[in-house]
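Okay, so here's the structure we're looking at.
The values are calculated or read from the model by the stated rules, or taken from the named source; none is laboratory data. Being a predicted model, the structure only gives us computed values, none of them experimental. We place every Cβ from the backbone using ideal geometry, glycine too, and count neighbours over all the protein chains shown.
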Amino acid sequence: MSAYRTAIETNYRMIKGENIAENEREAIVGELLEAAETDPAMPTGSRAMYPVFYIPPQGVKLQSLMAQIPKTKILAGNMYELEILRVLCLLAPEDPRVVFMRDATLERLRSTCFGWEDDGVGECFDASLIVLRFLCAAAPEDREWIKGRIENYNRHADDKKRPWFPLWYFWLCLSEMPLELALPEIERHREELEKKLRRSYVMNSPQDRALHPLLICMLRNLMSRLPEYAWLSGRLVLLNPKDGRARLDMEEVKTA
């Protein structure tokens, strides 16, 4: 399994709420660190648009956490590096190698249009969301930078008709970012989120079976941040034996 695949699988487990034992965490961190560039070419010049420590292999089509296939090197490369570094920031935040790569990458992202500026052009819009999610793990204290990426999403989300990936990736970010920044955005999307939370999802294809339980768990994690939905925390994905569709266990437990 490649380092990127390991990072994606670890993402799946975290979103679903699985426990990752200490020995597994150490193995994941070890594998990801071993895959880092041994002699990284540090960027020069005013723009550093491409990854430094984790560079995707040539000729391999990557898929995002939500099965999006990037069309540009900017999105593919940054998705590859930031997803791996994000897992390292969560599992080994004090490791000196992780600290060095995190800080250097944050500095690099400040030089990019998609990471720092107003940018809704092409897949730079998608890359800005990758940066937003990375910031929530790598620099959660930098509220202004996170707010800037939220504002970038809100400015450009309706510029044109987009596939479903950006909206759901933004919701994923809302499930993970500092709560005071997430709450106004959750309220903005609340009606649609509640509809998505209460519906069921087909499980017809291998991609459905991999992706839809993940999306349901993400919605659970997101909505359980609200006091009135706190009871959703830890609820499981259920399969309807009649039609095979997946849904969240939404039966509220009444207390005496």
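If you check Ala48 against the conditions, is it farther than 22 Å from Pro140 by Cβ, among the small types (Gly, Ala, Ser) and either outside any helix (DSSP H, G or I) or outside the structural domain of Glu24 (by the TED database) (or both)? Spelling it out, Ala48 is indeed farther than 22 Å from Pro140 by Cβ, among the small types (Gly, Ala, Ser) and either outside any helix (DSSP H, G or I) or outside the structural domain of Glu24 (by the TED database) (or both). Just to check your reading of the model, which residue among Arg235, Arg198, Arg245 is in contact with a Ser or Thr (Cβ under 7 Å, 6 or more places away or on another chain), at negative phi and either outside the structural domain of Ala127 (by the TED database) or not acidic (Asp, Glu) (or both)? On inspection, the qualifying residue turns out to be Arg245. Number of residues in the stretch 50-89 that are of a type outside the set (Gly, Ala, Ser) and surrounded by fewer than 19 Cβ atoms within 10 Å (Cβ to Cβ) equals 13. Only residues that are in a helix (DSSP H, G or I) and among the small types (Gly, Ala, Ser) were counted in the stretch 81-104, giving 1.
Looking only at the stretch 169-188, decide whether some residue is in a helix (DSSP H, G or I), among the β-branched types (Val, Ile, Thr), buried (at least 21 other Cβ atoms within 10 Å of the Cβ) and at negative phi. There is no residue in the stretch 169-188 that is in a helix (DSSP H, G or I), among the β-branched types (Val, Ile, Thr), buried (at least 21 other Cβ atoms within 10 Å of the Cβ) and at negative phi.
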